[in-house]
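Below you'll find the structure, written out as C-alpha coordinates, and then a few comments.
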Amino acid sequence: GLNYADRFVVSSVECDDDLARVYPDPDIRSYAAIRADNCDDLAVRECDLQIGICGVVLEHCTGQAAWNTISMSAAADKQHTEGIVVGNSPRFVVADNTISNLINSRPGTINLGGIYVFGSKNASIANNTVENIRAVAQTAPDSVCSAISTSGGRDGSTAEISGNLIRDVHDWHVGAGLAPAVLVHSDTDDVSIANNHIEHADVGVEIDASSCDRASLSGNFVTNCGQLIDYGNCEGGDEPMMRGET
(Lines give C-alpha, C1' and ligand atoms only; values in the text may rest on other atoms or scores of the structure.)
Protein backbone atom coordinates (compact mmCIF):
# COMPACT_ATOMS: atom_id res chain seq x y z
CA GLY A 1 0.00 0.00 0.00
CA LEU A 2 1.09 3.55 -0.79
CA ASN A 3 0.16 6.73 1.07
CA TYR A 4 1.29 10.24 0.04
CA ALA A 5 3.87 8.71 -2.32
CA ASP A 6 3.98 11.33 -5.08
CA ARG A 7 5.52 10.60 -8.49
CA PHE A 8 5.68 6.90 -7.64
CA VAL A 9 5.73 4.18 -10.31
CA VAL A 10 4.44 0.66 -9.69
CA SER A 11 5.64 -1.27 -12.73
CA SER A 12 5.86 -4.90 -13.85
CA VAL A 13 4.67 -6.29 -10.52
CA GLU A 14 3.44 -9.88 -10.52
CA CYS A 15 1.00 -10.91 -7.81
CA ASP A 16 -0.85 -14.12 -6.94
CA ASP A 17 -3.42 -13.03 -4.37
CA ASP A 18 -5.53 -16.19 -4.30
CA LEU A 19 -4.85 -16.57 -0.56
CA ALA A 20 -7.29 -13.71 0.03
CA ARG A 21 -10.04 -16.24 -0.61
CA VAL A 22 -9.60 -17.75 2.85
CA TYR A 23 -10.91 -14.62 4.59
CA PRO A 24 -14.68 -14.72 5.22
CA ASP A 25 -15.60 -11.44 3.49
CA PRO A 26 -12.83 -8.84 3.68
CA ASP A 27 -13.17 -5.23 2.61
CA ILE A 28 -11.61 -4.55 -0.77
CA ARG A 29 -9.70 -1.59 0.66
CA SER A 30 -7.80 -3.92 2.98
CA TYR A 31 -7.14 -6.74 0.54
CA ALA A 32 -6.45 -5.13 -2.82
CA ALA A 33 -3.32 -6.38 -4.53
CA ILE A 34 -2.24 -2.73 -5.08
CA ARG A 35 -3.62 0.05 -2.91
CA ALA A 36 -2.79 3.80 -2.96
CA ASP A 37 -4.13 6.91 -1.21
CA ASN A 38 -3.31 10.57 -1.76
CA CYS A 39 -0.61 9.99 -4.38
CA ASP A 40 -0.01 12.61 -7.06
CA ASP A 41 1.38 11.63 -10.47
CA LEU A 42 1.05 7.95 -9.67
CA ALA A 43 1.58 5.31 -12.38
CA VAL A 44 0.43 1.71 -11.98
CA ARG A 45 1.42 -0.01 -15.20
CA GLU A 46 2.29 -3.33 -16.79
CA CYS A 47 1.43 -5.33 -13.65
CA ASP A 48 0.16 -8.90 -13.85
CA LEU A 49 -2.29 -9.53 -11.01
CA GLN A 50 -4.11 -12.78 -10.28
CA ILE A 51 -6.57 -11.68 -7.66
CA GLY A 52 -8.76 -13.27 -5.01
CA ILE A 53 -10.86 -10.17 -4.26
CA CYS A 54 -9.62 -6.93 -5.83
CA GLY A 55 -6.78 -5.88 -8.10
CA VAL A 56 -6.15 -2.12 -7.81
CA VAL A 57 -7.81 0.42 -5.48
CA LEU A 58 -6.73 4.08 -5.84
CA GLU A 59 -8.29 7.02 -4.00
CA HIS A 60 -7.47 10.74 -3.96
CA CYS A 61 -4.76 10.26 -6.57
CA THR A 62 -3.75 11.71 -9.91
CA GLY A 63 -2.08 9.72 -12.65
CA GLN A 64 -2.82 6.52 -14.54
CA ALA A 65 -3.44 2.78 -14.33
CA ALA A 66 -2.42 1.38 -17.70
CA TRP A 67 -1.35 -1.82 -19.51
CA ASN A 68 -2.15 -4.00 -16.48
CA THR A 69 -3.50 -7.56 -16.69
CA ILE A 70 -5.96 -8.61 -13.99
CA SER A 71 -7.71 -11.97 -13.74
CA MET A 72 -8.96 -14.67 -11.37
CA SER A 73 -8.14 -18.38 -11.40
CA ALA A 74 -11.45 -19.45 -9.83
CA ALA A 75 -14.75 -18.01 -8.62
CA ALA A 76 -14.75 -15.95 -5.42
CA ASP A 77 -17.44 -16.20 -2.74
CA LYS A 78 -17.17 -12.53 -1.68
CA GLN A 79 -19.44 -9.51 -1.50
CA HIS A 80 -16.95 -7.44 -3.52
CA THR A 81 -15.03 -8.61 -6.57
CA GLU A 82 -13.39 -5.73 -8.45
CA GLY A 83 -10.64 -5.33 -11.04
CA ILE A 84 -9.78 -1.61 -10.81
CA VAL A 85 -11.46 0.92 -8.48
CA VAL A 86 -10.62 4.63 -8.72
CA GLY A 87 -12.28 7.11 -6.37
CA ASN A 88 -12.16 10.88 -5.91
CA SER A 89 -9.27 11.17 -8.33
CA PRO A 90 -9.75 14.00 -10.87
CA ARG A 91 -8.41 13.51 -14.41
CA PHE A 92 -7.29 9.96 -13.65
CA VAL A 93 -6.66 7.74 -16.67
CA VAL A 94 -7.57 4.04 -16.75
CA ALA A 95 -6.37 2.80 -20.14
CA ASP A 96 -5.21 -0.24 -22.10
CA ASN A 97 -5.81 -2.71 -19.25
CA THR A 98 -7.00 -6.29 -19.76
CA ILE A 99 -9.42 -7.52 -17.09
CA SER A 100 -10.88 -11.00 -17.47
CA ASN A 101 -12.50 -13.93 -15.72
CA LEU A 102 -13.89 -12.11 -12.68
CA ILE A 103 -16.44 -14.61 -11.43
CA ASN A 104 -18.47 -14.26 -8.23
CA SER A 105 -20.22 -17.28 -6.70
CA ARG A 106 -21.77 -15.55 -3.68
CA PRO A 107 -25.59 -15.55 -3.47
CA GLY A 108 -27.39 -12.40 -2.29
CA THR A 109 -26.07 -8.85 -2.59
CA ILE A 110 -22.75 -8.46 -4.40
CA ASN A 111 -20.66 -5.81 -6.14
CA LEU A 112 -18.91 -7.25 -9.17
CA GLY A 113 -17.11 -5.12 -11.72
CA GLY A 114 -14.17 -4.83 -14.03
CA ILE A 115 -13.55 -1.06 -13.71
CA TYR A 116 -15.36 1.35 -11.37
CA VAL A 117 -14.53 5.07 -11.31
CA PHE A 118 -16.43 7.35 -8.93
CA GLY A 119 -16.24 11.00 -7.92
CA SER A 120 -13.43 11.64 -10.39
CA LYS A 121 -14.09 14.65 -12.59
CA ASN A 122 -12.72 14.42 -16.14
CA ALA A 123 -11.54 10.83 -15.70
CA SER A 124 -10.87 8.73 -18.79
CA ILE A 125 -11.64 5.01 -19.16
CA ALA A 126 -10.25 4.15 -22.58
CA ASN A 127 -9.12 1.24 -24.74
CA ASN A 128 -9.50 -1.42 -22.06
CA THR A 129 -10.52 -5.03 -22.69
CA VAL A 130 -12.99 -6.32 -20.10
CA GLU A 131 -14.45 -9.79 -20.57
CA ASN A 132 -16.07 -12.70 -18.76
CA ILE A 133 -17.51 -10.78 -15.80
CA ARG A 134 -20.11 -13.13 -14.31
CA ALA A 135 -22.18 -13.70 -11.20
CA VAL A 136 -22.92 -17.42 -11.14
CA ALA A 137 -25.07 -17.65 -7.98
CA GLN A 138 -28.56 -16.22 -7.49
CA THR A 139 -27.93 -12.58 -6.62
CA ALA A 140 -30.23 -10.09 -4.90
CA PRO A 141 -32.04 -7.35 -6.88
CA ASP A 142 -29.82 -4.65 -5.35
CA SER A 143 -26.61 -6.25 -6.59
CA VAL A 144 -24.38 -4.38 -9.02
CA CYS A 145 -22.68 -6.35 -11.78
CA SER A 146 -21.04 -4.53 -14.69
CA ALA A 147 -17.90 -4.41 -16.81
CA ILE A 148 -17.32 -0.63 -16.60
CA SER A 149 -19.21 1.78 -14.36
CA THR A 150 -18.96 5.37 -13.20
CA SER A 151 -20.71 7.59 -10.69
CA GLY A 152 -20.60 11.20 -9.58
CA GLY A 153 -19.47 12.62 -6.28
CA ARG A 154 -18.22 15.69 -4.57
CA ASP A 155 -15.39 16.12 -7.10
CA GLY A 156 -17.78 16.10 -10.05
CA SER A 157 -18.91 13.49 -12.49
CA THR A 158 -17.64 14.16 -15.99
CA ALA A 159 -16.08 11.01 -17.48
CA GLU A 160 -15.10 9.63 -20.86
CA ILE A 161 -15.68 5.92 -21.60
CA SER A 162 -14.29 5.26 -25.04
CA GLY A 163 -12.73 2.62 -27.26
CA ASN A 164 -13.25 -0.27 -24.84
CA LEU A 165 -13.84 -3.89 -25.86
CA ILE A 166 -16.38 -5.53 -23.55
CA ARG A 167 -17.59 -9.13 -23.84
CA ASP A 168 -19.57 -11.65 -21.78
CA VAL A 169 -21.10 -9.78 -18.83
CA HIS A 170 -23.83 -11.70 -17.00
CA ASP A 171 -25.69 -11.74 -13.70
CA TRP A 172 -27.77 -14.75 -12.73
CA HIS A 173 -30.92 -13.51 -11.00
CA VAL A 174 -34.39 -14.95 -11.46
CA GLY A 175 -36.62 -12.27 -12.95
CA ALA A 176 -33.83 -9.76 -13.46
CA GLY A 177 -30.54 -10.93 -14.97
CA LEU A 178 -29.49 -7.44 -15.93
CA ALA A 179 -25.73 -6.93 -15.97
CA PRO A 180 -24.77 -3.96 -18.17
CA ALA A 181 -21.51 -3.72 -20.04
CA VAL A 182 -21.42 0.02 -19.26
CA LEU A 183 -23.29 1.41 -16.23
CA VAL A 184 -23.75 5.09 -15.38
CA HIS A 185 -25.11 5.52 -11.87
CA SER A 186 -27.59 8.19 -10.80
CA ASP A 187 -26.46 11.81 -10.32
CA THR A 188 -23.67 11.40 -12.87
CA ASP A 189 -23.60 14.21 -15.44
CA ASP A 190 -21.74 14.89 -18.68
CA VAL A 191 -20.62 11.34 -19.39
CA SER A 192 -19.40 10.54 -22.90
CA ILE A 193 -19.75 6.91 -24.05
CA ALA A 194 -18.17 6.57 -27.48
CA ASN A 195 -16.74 4.00 -29.89
CA ASN A 196 -17.01 1.03 -27.54
CA HIS A 197 -17.46 -2.52 -28.86
CA ILE A 198 -19.89 -4.51 -26.69
CA GLU A 199 -21.10 -8.05 -27.20
CA HIS A 200 -22.82 -10.76 -25.15
CA ALA A 201 -23.87 -8.73 -22.11
CA ASP A 202 -27.25 -8.76 -20.37
CA VAL A 203 -27.53 -5.03 -21.23
CA GLY A 204 -25.30 -3.01 -23.53
CA VAL A 205 -25.38 0.46 -21.90
CA GLU A 206 -27.47 1.41 -18.86
CA ILE A 207 -27.85 5.05 -17.79
CA ASP A 208 -29.74 5.54 -14.55
CA ALA A 209 -32.91 7.52 -15.12
CA SER A 210 -32.37 9.57 -11.96
CA SER A 211 -30.52 12.83 -12.60
CA CYS A 212 -28.04 11.89 -15.31
CA ASP A 213 -27.86 15.04 -17.40
CA ARG A 214 -26.17 15.58 -20.76
CA ALA A 215 -25.02 12.00 -21.32
CA SER A 216 -23.62 11.50 -24.82
CA LEU A 217 -23.53 8.22 -26.76
CA SER A 218 -21.91 7.92 -30.17
CA GLY A 219 -20.26 5.35 -32.39
CA ASN A 220 -20.83 2.36 -30.10
CA PHE A 221 -21.26 -1.14 -31.55
CA VAL A 222 -23.54 -3.33 -29.41
CA THR A 223 -24.56 -6.86 -30.41
CA ASN A 224 -26.08 -9.99 -28.88
CA CYS A 225 -27.10 -8.36 -25.62
CA GLY A 226 -30.13 -9.45 -23.62
CA GLN A 227 -32.57 -12.26 -24.19
CA LEU A 228 -33.55 -12.10 -27.82
CA ILE A 229 -36.11 -14.94 -27.86
CA ASP A 230 -39.41 -14.87 -25.96
CA TYR A 231 -39.54 -17.67 -23.39
CA GLY A 232 -35.93 -18.38 -24.20
CA ASN A 233 -35.39 -19.75 -20.71
CA CYS A 234 -38.82 -21.43 -20.50
CA GLU A 235 -40.05 -19.07 -17.79
CA GLY A 236 -43.68 -19.47 -18.86
CA GLY A 237 -45.94 -22.48 -18.90
CA ASP A 238 -46.50 -22.32 -22.64
CA GLU A 239 -44.35 -24.23 -25.06
CA PRO A 240 -41.59 -21.92 -26.41
CA MET A 241 -41.73 -20.60 -29.96
CA MET A 242 -45.04 -22.19 -30.89
CA ARG A 243 -47.23 -19.18 -31.69
CA GLY A 244 -45.08 -16.66 -33.45
CA GLU A 245 -43.18 -15.13 -30.56
CA THR A 246 -40.39 -12.85 -31.74
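The values are calculated or read from the model by the stated rules, or taken from the named source; none is laboratory data. Everything numeric here is computed off the predicted structure, so don't read it as measured data. We place every Cβ from the backbone using ideal geometry, glycine too, and count neighbours over all the protein chains shown. SASA here: full protein model, heavy atoms, side chains in, ligands and nucleic acids out. Shrake-Rupley method; radii C 1.70, N 1.55, O 1.52, S 1.80 Å.
When the Cα atoms of region 54-159 are enclosed in a convex hull and the volume is divided per residue, what value in Å³ results?
Cα-based convex hull of region 54-159, divided per residue, equals 82 Å³.
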> Which FRET efficiency value, to the nearest 0.05, do you get for residue 218 and residue 67 by plugging their Cβ-Cβ distance into 1/(1 + (r/R0)^6) with R0 = 30 Å?
Replying inline: 0.70
> Can you work out ³J(HN,Hα) from phi for every residue in region 44-51, in order, using Karplus 6.51 cos²θ - 1.76 cosθ + 1.60 and θ = phi - 60°, giving whole Hz and x for Gly and Pro?
Replying inline: 10, 8, 6, 8, 10, 10, 9, 10
> Counting only protein heavy atoms and using a 1.4 Å probe, what share of the accessible area of region 75-117 belongs to carbon plus sulfur, as a whole percent?
Replying inline: 44 percent
> Can you give me the pair-distance distribution of region 97-194, C-alpha pairs, 5 Å bins, whole percents?
Replying inline: 3, 14, 24, 21, 18, 13, 5, 0
> For residue 168, what charge total do you get from the other residues with a beta carbon under 9 Å from its beta carbon, if Lys and Arg give +1 and Asp and Glu give -1?
Replying inline: 0
>> Could you report region 93-197's accessible area per residue, 1.4 Å probe, as an integer in Å²?
In response: 34 Å²
> Which value, in debye to the nearest 20, gives the size of the charge dipole of region 92-227 about its Cα centre, when Lys and Arg are +1 and Asp and Glu are -1 at the Cβ?
Replying inline: 220 debye
> Give or take rounding to whole Å, what are the principal axis extents of the alpha carbon atoms in region 55-104, in descending order?
Replying inline: 33, 22, 9
